[in-house]
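**Q** This is the structure I have questions about; it appears just below.
The values are calculated or read from the model by the stated rules, or taken from the named source; none is laboratory data. Fair warning: this is a prediction, and the values are worked out from it, not measured in the lab. Don't worry about glycine lacking a Cβ; one is built from the backbone with ideal geometry, like all the others, and counts go over all protein chains shown. The accessibility values were calculated without ligands, DNA or RNA, using every heavy atom of the protein model including side chains. Shrake-Rupley method; radii C 1.70, N 1.55, O 1.52, S 1.80 Å.
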Amino acid sequence: MKTLLTLTLTAGAATLLALAGTDASAQAAQGVSKTEITLGSIQDLSGPIAGFGKQVRQGMLLRVDEINEQGGVNGRKIKLLIEDSAYDPKKAVLAAQKLVNQDKIFAMVAHIGTPTNNAAMPVQFEKNVINFFPVTAAREMTEPVHKLKFAGGSSYYDQMRVALPRLIKDKGAKAVCTIYQDDEFGLEVFRGAEAGLKAAGMDFAEKTTYKRGATDFSSQVARMKAANCDLVVLGTIIRETIGTIAEGRKTGFNPTYLGSSATYTDLIHKLGKKAMDGLYATHTVQHPYMDEVSPKIAFWAKKYQTKFGDDPTVFSVYGYSAVDTFIAAAQKAGANLTVDSFIKAMESTTFAPDMFGSAELTFSPSKRAGSNMTRMSQLQGERWKPVTDYVKPQ
């Protein structure tokens, strides 16, 4: 954590010095030519959340293909370059260095993962490269405020502090426990839950953690069972969510489970099956189930299926929507696309809710999160069912 902080401060100082000397964004923008806008993205394509990374990548590629078929953005085609981090911060730094320094990208779009984004952002900011709509809801994506940060949805922190008190009340929970990933992602979920518990006049009965990539959760489940927990907050992603709940079912431990938007994925019920029913999760966009969608989404999904041979998921939507929002702002920025003109376009645009049910997004020099609205769904019959409308933090 100390190393990351030092890198961030160093990058910030470098950026300030550069801006003091020359207006970098007033020059020809890196990654923008007469015919192309070069964007970069870092995904997990071979690590523990590769299932998510593949879906984000495909969603991005679909939107890039659409806009390029239409002639591009103000006459410029989008060139999208994607690197694999395997969800490893060290590999993310190397990937960022390649994309920023060698490939000369204009912006990093939909980079997946909290620890990987935190590691890569200083590399980007030193070269005035925007971090746009990362696929993580950690507060570091918007705080501290930085002109090169833009994020779409509600943070893990806000998600948990909104949803947890409500679920405690609805379930009459008496003892709340948590299991969370021992990194920046897990800590964000934990801190939000801690704030929500404080608002409910409670504290955790038991706190447990695991290392990234762990596959055995028996000791953590045993500790939470021994503490008689009737509600468990999950700072987990795919296999850790499934592993924790499956272990609980096996040992007769069946509390109410609440996860963040990182657990809101079809992969939970596709891989964990019926045993995952009852799980609650927060989210900002709904999963596009093909027999429930509007004609507009059905048309979009058919294009996605034809191109990739897969059904789209909520992570496909994250990738698609990130590129779509970038396109809208770049178009508004006009023919003279620079970092400054793009930022001005973002700060002066109200982005209406999209066809996937997102909240309205707005930005300002002091507000880098487009929305702080959160919904909650529950797995019922191996399908996510919304159980709340959008709620704002108090």
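**Q** If I take every Cα pair under 8 Å that is 6 or more residues apart in the chain, average their sequence separation and divide by the length, what percent do I get for the relative contact order?
**A** Normalised by residue count, the contact order of the chain is 18 percent.
**Q** If you count only protein heavy atoms with a 1.4 Å probe, what accessible area per residue comes out for the chain, rounded to a whole Å²?
**A** Spelled out: the 1.4 Å probe surface of the chain, per residue, equals 41 Å².
**Q** Reported to two decimal places, what Rg/Rh ratio describes the range 296-394 when computed on Cα atoms with Rh from the Kirkwood expression?
**A** 1.04
**Q** What's the percent breakdown of Cα-Cα distances in the range 61-169 across 5 Å bins, shortest bin first?
**A** Result, from short to long distances: 2, 11, 19, 19, 17, 13, 9, 4, 3, 1, 0 percent.
**Q** Follow-up question, since we're still on this one. Would you compute, for the Cα atoms of the range 148-277, the largest minus smallest coordinate along each principal axis and list the three values in descending order, in whole Å?
**A** Dimensions of the range 148-277 along the principal axes of its Cα atoms: 45, 32, 25 Å.
**Q** Ok, one more. Per residue, how big is the convex hull of the range 220-379 when only Cα atoms are used? Give it in Å³.
**A** Spread over its residues, the Cα hull of the range 220-379 gives 145 Å³ apiece.
**Q** Report the Cα-based extents of the range 170-247 along its three principal axes, largest first, to the nearest Å.
**A** 34, 26, 18
**Q** Another question about this same structure. Based on C-alpha coordinates, I'd like the Rg and Dmax of the chain, in Å.
**A** When restricted to the Cα atoms of the chain, Rg and Dmax are 20.7, 64 Å.
**Q** Taking a cut-off of 27 Å between Cα atoms, list the lysines near LYS211, but don't count ones fewer than 8 places away on the same chain.
**A** LYS2, LYS54, LYS90, LYS91, LYS198, LYS225, LYS250, LYS270, LYS273, LYS274
**Q** What longest range of the chain stays clear of loop-exposed trypsin sites (Lys or Arg not before Pro) (DSSP non-H/G/I/E/B, at most 10 other C-beta within 10 angstrom)?
**A** Here the longest run is 212-394.
**Q** Would you mind classifying the range 26-100 by shape? Square roots of the alpha carbon gyration tensor eigenvalues, ordered a ≥ b ≥ c; an a/c under 1.5 is rounded, otherwise it is prolate if a/b is larger than b/c and oblate if not.
**A** oblate
**Q** Per the 1.4 Å probe, what fraction of the accessible area of the range 198-308, in percent, lies on carbon and sulfur atoms?
**A** About 52 percent, which is the carbon plus sulfur part of the accessible surface.
**Q** While we're here: Is the shape of the range 146-209 rounded, prolate or oblate, going by the alpha carbon gyration tensor and its root eigenvalues a ≥ b ≥ c, with a/c under 1.5 for rounded and a/b larger than b/c for prolate? Kindly include the intermediate steps, with their values, before the conclusion.
**A** Working: a/c = 2.89, a/b = 1.61, b/c = 1.79.
Because a/c hits 1.5 or more and a/b fails to exceed b/c, the range 146-209 counts as oblate.
**Q** Place a +1 charge on the Cβ of each Lys and Arg in the range 175-221 and a -1 charge on the Cβ of each Asp and Glu, then give the dipole magnitude about the Cα centre in debye, rounded to the nearest 20.
**A** That gives the range 175-221 a dipole magnitude of about 60 debye.
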